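For reference, the structure is listed below as structure tokens.
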Amino acid sequence: MNQLKKTISPIFLATIWISLSEFVRNEFLVKSFWIKHYQDLGLTFPSESMNGAVWGIWSLLFAVAIFIISKKFDTMQTTFLSWFVAFVLMWTVIGNLGVLPYGLLLYAIPLSLLESFVVTLIIKSFQKKQLLS
């Protein structure tokens, strides 16, 4: 039970941080980039509840990935490796599909790096407590 708690707690808190970070960034800071870009493509930007639920799942999966990566790497290595895997690869794919508004990367790159760093700190803090106990 204790091991389960040491796994679920950091992943749960990391998922909350990722979800909040993604929501604030995409809903308040860069949504206009997305909407305009999609309109220019003749598309409607997907903002239905189901789309939000999938992002919630993505947040959980990202937290799990960082949890696993953090067991092998230090804080900065975990931050950059997880950021690369989650964001750079995603931007490459959506850029290739033609649905990435490149102007938003000015905001998305530093904020996604911050998001990855904070998640790494959350998870590493639990690992440090585990070592001390």
Options ILE57, ILE11, ILE69, ILE94: the member that is assigned to a helix (DSSP H, G or I), β-branched (Val, Ile, Thr), on the phi < 0 side of the Ramachandran plot and under 12 Å from the mean Cα position of the chain (by Cα): ILE57
So which residues in region 20-36 are of a type in the set (A, V, I, L, M) and part of a helix (DSSP H, G or I)? LEU20, VAL24, LEU29, ILE35
For the subset of region 17-50 comprising residues that are without any contact (Cβ under 8 Å) to a residue 24 or more places away in the chain and of a type in the set (A, V, I, L, M), which member is nearest to ILE94 (Cα to Cα)? ILE35
Is it the case that THR15 is at pLDDT 95 or above and in contact with a Lys or Arg (Cβ under 7 Å, 6 or more places away or on another chain)? no
Inter-residue pairs, beta-carbon under 7 Å, first under 12 Å from LYS36 (Cα atoms) and in region 89-106, second assigned to a helix (DSSP H, G or I), 6+ apart: LEU100/TRP91; LEU100/ILE94; PRO101/PHE33; PRO101/TRP34; PRO101/HIS37; GLY103/PHE33; LEU104/PHE33
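The values are calculated or read from the model by the stated rules, or taken from the named source; none is laboratory data. The shown structure was predicted, so the numbers you read here are calculated from the model rather than taken from an experiment. All Cβ positions, even for glycine, are placed from backbone atoms using ideal geometry, and neighbour counts span all protein chains on display.
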